[in-house]
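Participant: Structure incoming, see below.
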Amino acid sequence: MKRKYIFVVGGVMSGIGKGITTSSLLKILKSKGYSATAMNIDPYVNVDAGTMNPVEHGEVFVTDDGAECDQDIGNYERFSGDSITKDNYLTTGKVYQTVINKERNLEYKGKCVEVVPHIPNEVISRIKKAGQVTDSEFVLIEIGGTIGEYQNLLFLEAARMMHLKNPKDVLIVLVSYLPVPKTIGEMKTKPTQSASRALNEAGLQPDIIVGRSSMPIDEPRKKKISTFCNIDPKDVISAPDSQSIYHIPLILDSEKIGERILKKLNAPLRKGKNGLRDWENFVKKSENNTKEVKIAIVGKYFETGEFVLTDSYISVIEAIKHACCKLGYKEKISWLSSEKYEKDKKNVKELSNYDGVIVPGGFGNRGVEGKINAISYCREMKIPFLGLCLGMQLAVIEHARNNCGLKKASSTEVDENCKYPVISLMQSQKSNLKNKKYGGTMRLGAYSCALRTDTISRKAYKNKNISERHRHRFEVNNEYKDILEKGGMVIAGTNPELDLVEIIEIKKHPFFVGVQFHPEFKSRPLTGHPLFVEFIKAAGN
């Protein structure tokens with residue numbers, strides 16, 4: 001079968017669920033026996049997501065091959081079960097950077113390089129490469145932003161050019177919003193009509209419209225959208241709000257969206273292929289679990305004005321959900337700002353109300369001492385604790401100060417001239433920071449880790465050697481390893497190539513584990529991640 005391309009674009013407003021829709025379509029197509037991959041195109045001029053503030057942009061997701069991506073890539077992985085590569089992630093900055101480099105290298109053979117067609121052509125070549133590298137029958141391309149914005153016009157132009165050349169192999173899915181104003185009490189289709197018209201102005205006609213709303217779309221509304229947006233009523237797919245994102249593939253599948261896509265792209269329905277049964281069982285179990293486990297996430301990327309931004313730690317949240325579902329628990333997650341533990345150390349006593357505490361990754365010195373106070377309380381009160389990346393580093397600092405007599409221990413990230421730098425800049429990173437090379441220069445992607453026997457981590461993984469994803473510049477200073485171990489810390493995992501500390505544990509504690517890597521990136525709905533499963537198990541006891 002000739003490779004097929006499905007573009008997913010958004011209308012009316014941002015945040016309506018293009019990423020979840022794309023992830024769901026990926027899951028549905030794979031369940032019907034087809035190989036499929038998903039690609040994310042973001043319209044910002046940043047080359048990648050690595051240099052963006054998580055409060056502004058949300059979590060930075062890292063792939064095995066070290067790409068710093070939009071959080072939607074994480075959803076693609078969680079829904080499909082596949083490991084997405086750097087070839088599946090594209091930004092305006094990356095496209096322009098590539099085209100300019102090619103021009104400087106005379107790869108255009110002296111031609112006048114223009115925004116059109118050279119920029120869309122580069123986008124098209126990247127889309128095709130993603131399909132070739134993964135050898136996929138379907139390539140789903142999520143275009144960031146909203147129809148009508150200037151920023152994504154060139155990506156829409158790439159879609160138009162591909163559709164013009166091969167109309168039978170390219171499909172356009174518009175994800176739009178149908179509001180139900182309280183003062184009116186009726187679902188309104190005009191915003192979606194406007195979005196479809198704006199897409200027409202870019203030279204594209206939606207083949208399928210996925211209507212997001214607070215309730216299911218009724219037949220009169222489907223017929224109205226059909227009339228004014230020039231599509232079959234069967235191609236208006238209802239996607240009402242759901243209590244879980246994992247329910248969305250089941251909702252879309254019940255609307256026969258998979259069959260509609262296959263029919264439009266002349267792809268046969270493969271008999272006996274329906275892999276959504278396991279997914280349905282997972283969703284039912286996660287929704288029906290009632291035994292509650294209370295988990296606190298102590299971080300600093302929550303507040304944005306008067307609102308709480310959970311996207312900064314989305315993979316951590318999902319990993320908690322996966323582990324809870326596997327063990328039969330219903331998660332109750334609370335967001336606790338580490339800064340309030342700096343203002344008054346007594347505030348940490350509220351952590352006694354929780355079954356487990358997670359201190360996730362982060363950068364800079366804001367809120368650091370508050371996190372250390374929280375970690376100290378968890379250690380002393382025997383509250384199950386999981387430290388991720390910076391959370392692990394701060395656990396080492398807390399241990400050095402309170403168990404090893406190094407009262408002025410710190411990280412050179414927080415205090416460059418600290419007396420006891422138990423956490424220090426990696427040797428390989430010194431030239432990067434000196435030359436102000438920040439973007440894409442951290443220790444990124446998957447690295448191996450050898451686990452020590454008789455440790456919580458080895459018990460969780462059930463393997464001696466593992467591979468996990470990293471995103472950091474600072475590490476445990478090996479000069480202090482002996483002191484840390486004599487004080488009761490266990491070096492549970494190390495990178496065999498560079499002898500870097502990857503996992504630490506504290507003795508005589510139900511669960512006190514810190515990891516230099518980000519296990520949350522590899523958690524999957526149907527299996528959970530071993531460390532999160534072991535953490536929730538300890539929290540539930």
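The values are calculated or read from the model by the stated rules, or taken from the named source; none is laboratory data. This one's a predicted model, so the numbers in the text were calculated from it and none came from an experiment. Note that each Cβ is placed from the backbone with ideal geometry, even for glycine, and that neighbours are counted across all protein chains shown.
Participant: Just the residues that are touching a strand residue (DSSP E or B) at 6+ places or on another chain (Cβ under 7 Å) and either farther than 16 Å from Glu468 by Cα or of a type in the set (Gly, Ala, Ser) (or both), please, taken from the stretch 515-537.
Facilitator: Answer for the stretch 515-537, where residues must be touching a strand residue (DSSP E or B) at 6+ places or on another chain (Cβ under 7 Å) and either farther than 16 Å from Glu468 by Cα or of a type in the set (Gly, Ala, Ser) (or both): Phe535, Ile536.
Participant: Also, quick follow-up: Considering the stretch 96-120 alone, what residues qualify as being in a helix (DSSP H, G or I) and either free of Cβ contacts under 8 Å to residues at least 40 places away in the same chain or among the acidic types (Asp, Glu) (or both)?
Facilitator: Thr98, Val99, Ile100, Asn101, Lys102, Glu103, Arg104, Val115, His118, Ile119
Participant: Given (1) within 24 Å of Gly11 (Cβ to Cβ); (2) buried (at least 22 other Cβ atoms within 10 Å of the Cβ); (3) touching a residue at least 40 places away in the same chain (Cβ under 8 Å), where does Gly131 come up short, assuming only one miss?
Facilitator: (1)
Participant: To continue, here is another question. If we keep just the residues of the stretch 432-480 that are among the acidic types (Asp, Glu) and crowded, with 20+ Cβ neighbours inside 10 Å, which is farthest from Gly391 (Cα to Cα)?
Facilitator: Per the criteria, the residue is Glu468.
Participant: Also: List the residue pairs whose Cβ atoms are under 7 Å apart, where the first residue sits in the stretch 460-473 and is under 13 Å from Glu520 (Cα atoms), the second is among the basic types (Lys, Arg) and part of a strand (DSSP E or B), and the two are 6 or more positions apart or on different chains.
Facilitator: Close Cβ pairs satisfying both conditions: His470/Arg443.
Participant: Mind telling me which of the residues Gly203, Gly185, Gly258, Gly211 ends up being touching a His at 6+ places or on another chain (Cβ under 9 Å) and not polar (S, T, N, Q)?
Facilitator: After applying the criteria, what remains is Gly203.
Participant: Hey, does the stretch 274-293 have a residue that's at pLDDT below 90, surrounded by 12 or more Cβ atoms within 10 Å (Cβ to Cβ) and over 30 Å from Glu350 (Cα atoms)?
Facilitator: For the stretch 274-293, residues at pLDDT below 90, surrounded by 12 or more Cβ atoms within 10 Å (Cβ to Cβ) and over 30 Å from Glu350 (Cα atoms): present.
Participant: Can you give me the number of residues within the stretch 463-478 that are more than 17 Å from Met392 (Cα to Cα) and not aliphatic (A, V, I, L, M)?
Facilitator: Of the residues in the stretch 463-478, 4 are more than 17 Å from Met392 (Cα to Cα) and not aliphatic (A, V, I, L, M).
Listed here are the residues, each with its yes/no results for (1) crowded, with 19+ Cβ neighbours inside 10 Å; (2) out of contact with any Pro (no Cβ under 8 Å at 6 or more places or on another chain); (3) free of Cβ contacts under 8 Å to residues at least 60 places away in the same chain.
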site: Tyr5; (1), (2), (3): yes, yes, no
site: Ser14; (1), (2), (3): no, yes, no
site: Gly19; (1), (2), (3): yes, yes, no
site: Ile28; (1), (2), (3): yes, no, no
site: Ser35; (1), (2), (3): no, yes, no
site: Val45; (1), (2), (3): no, yes, yes
site: Val60; (1), (2), (3): yes, no, no
site: Thr63; (1), (2), (3): yes, yes, no
site: Tyr76; (1), (2), (3): yes, yes, yes
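Participant: I need a count of the residues in the stretch 81-94 that are assigned to a helix (DSSP H, G or I) and in contact with a Phe, Trp or Tyr (Cβ under 9 Å, 6 or more places away or on another chain).
Facilitator: Residues in the stretch 81-94 being assigned to a helix (DSSP H, G or I) and in contact with a Phe, Trp or Tyr (Cβ under 9 Å, 6 or more places away or on another chain): 3 in total.
Participant: Which fully enclosed strands (runs of 3 or more DSSP E) of the stretch 451-500 have 1 or more residues being farther than 15 Å from Ser428 by Cα and either in the same structural domain as Tyr420 (by TED's automatic domain parsing) or not β-branched (Val, Ile, Thr) (or both)?
Facilitator: In the stretch 451-500, the matching strands (runs of 3 or more DSSP E) lie at 465-472, 489-495.
Participant: Okay, next question. In the stretch 335-371, how many are among the hydrophobic types (A, V, I, L, M, F, W, C) and free of Cβ contacts under 8 Å to residues at least 60 places away in the same chain?
Facilitator: Of the residues in the stretch 335-371, 6 are among the hydrophobic types (A, V, I, L, M, F, W, C) and free of Cβ contacts under 8 Å to residues at least 60 places away in the same chain.
Participant: Can you tell me how many residues within the stretch 145-183 are surrounded by fewer than 18 Cβ atoms within 10 Å (Cβ to Cβ) and farther than 26 Å from Leu265 by Cβ?
Facilitator: 8
Participant: Kindly indicate which of Ile28, Ile16 is outside any strand (DSSP E or B), assigned by TED's automatic domain parsing to the domain that holds Ala158, of a type in the set (A, V, I, L, M) and touching a helix residue (DSSP H, G or I) at 6+ places or on another chain (Cβ under 9 Å).
Facilitator: Residue meeting the stated conditions: Ile28.
Participant: Any residue at all in the stretch 389-403 that's farther than 25 Å from Ala319 by Cβ and acidic (Asp, Glu)?
Facilitator: The answer is no, given that none of the residues of the stretch 389-403 is farther than 25 Å from Ala319 by Cβ and acidic (Asp, Glu).
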